[in-house]
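Below is one structure, written out as structure tokens; the observations come after it.
The values are calculated or read from the model by the stated rules, or taken from the named source; none is laboratory data. Because the structure is predicted, anything quoted here is derived from the model rather than measured. Every residue, glycine among them, receives a Cβ derived from its backbone with ideal geometry; neighbour counts consider all protein chains shown. Heads up: the accessible areas ignore ligands, DNA and RNA and are worked out on the full protein's heavy atoms, side chains in. Shrake-Rupley method; radii C 1.70, N 1.55, O 1.52, S 1.80 Å.
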Amino acid sequence: NGGVHDAKNLRVKLVLLGDSGVGKSCIVLRFVRGQFDPTSKVTVGASFLSQTIALQDSTTVKFEIWDTAGQERYAALAPLYYRGAAVAVVVYDITSPESFTKAQYWVKELQKHGSPDIVMALVGNKADLQEKREVLVQDGIDYAEKNGMFFIETSAKTADNINQLFEKFVASLSMPSY
Ligand code: GDP
Ligand code: MG
């Protein structure tokens with residue numbers, strides 16, 4: 001019929017979880033605005049941003065991004081944000097073993113209480129700080145593999161692998177066939 005395809009507009013609810021200070025808000029800001037602000041404010045509660053990716057076949061994927069605060073006092077609110085999320089990004093800081101431990105807590109939490117078909121990524125951020133690295137790449141890879149997650153190391157500062165992180169999700173979404 002002339003090869004005309006209908007545009008499909010997909011919406012994906014995405015939640016970011018992880019210790020305070022690992023760079024969740026900077027990852028979102030880098031992805032949505034292409035910026036890095038070293039003086040950015042600590043997230044209180046949670047914040048919402050969206051970003052749409054256009055694919056070659058005129059499909060669009062709109063990420064509805066819930067960026068949560070990592071502080072203990074907000075932990076009880078987390079289910080409000082990850083409930084119904086199709087995608088979860090669990091972030092740690094490669095210079096902080098404590099944040100890697102905390103990431104594992106969030107993964108277990110999502111496995112227990114998130115949607116059963118949630119797609120998860122484990123993200124080791126601040127990959128630009130190689131000289132201060134305290135979490136081995138292999139430890140991230142192994143943990144992600146055991147838990148059926150994507151794994152990627154990113155730097156919100158240099159933009160390294162930020163788009164690739166979100167592209168991994170696009171590839172994993174079941175695309176409608178025409
Ligand atoms: P959040 O609490 O997880 O949202 O963390 P933020 O996004 O607020 O970042 C916490 C601190 O880490 C800020 O001072 C950022 O400038 C810094 N930061 C975030 N991402 C990176 C990164 O990729 N590399 C470096 N070197 N610093 C980063
Ligand atoms: Mg934040």
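Figures for the structure shown
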| quantity | calculated |
| --- | --- |
| The stretch 130-147, residues that are open to solvent by less than 70 Å² (accessible area, probe 1.4 Å), in a loop (DSSP other than H, G, I, E, B) and not aliphatic (A, V, I, L, M) | Arg133, Asn147 |
| Matching residues in the stretch 49-77 - criterion: being away from ligand 1 (no atom under 12 Å from the Cβ) and out of contact with any strand residue (DSSP E or B) (no Cβ under 6 Å at 6 or more places or on another chain) | Leu55, Gln56, Asp57, Ser58, Thr59, Glu72, Arg73, Ala75, Ala76, Leu77 |
| The stretch 8-55: number of residues that are within 23 Å of Val107 (Cβ to Cβ) and either of a type in the set (Asp, Glu) or free of Cβ contacts under 8 Å to residues at least 12 places away in the same chain (or both) | 1 |
| Checklist (1) within 12 Å of ligand 1 (Cβ to nearest atom); (2) under 12 Å from Leu14 (Cβ atoms); (3) surrounded by fewer than 20 Cβ atoms within 10 Å (Cβ to Cβ) applied to Val89, failing item | (3) |
| Unmet requirement for Val22, which otherwise passes all of (1) among the hydrophobic types (A, V, I, L, M, F, W, C); (2) modelled with pLDDT of 95 or more; (3) not in a loop (DSSP other than H, G, I, E, B) | (3) |
| Selected residue (criterion: most open to solvent (accessible area, probe 1.4 Å)) from residues of the stretch 92-108 that are of a type outside the set (Phe, Trp, Tyr) and in contact (Cβ under 8 Å) with a residue 60 or more places away in the chain | Glu98 |
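Rundown of residues vs (1) within 15 Å of ligand 2 (Cβ to nearest atom); (2) under 24 Å from Asp117 (Cβ atoms); (3) at pLDDT below 90; (4) open to solvent by less than 50 Å² (accessible area, probe 1.4 Å), yes/no style:
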| site | (1), (2), (3), (4) |
| --- | --- |
| Asp6 | no, no, yes, no |
| Ala46 | yes, yes, yes, yes |
| Asp67 | yes, yes, no, yes |
| Glu72 | yes, no, yes, no |
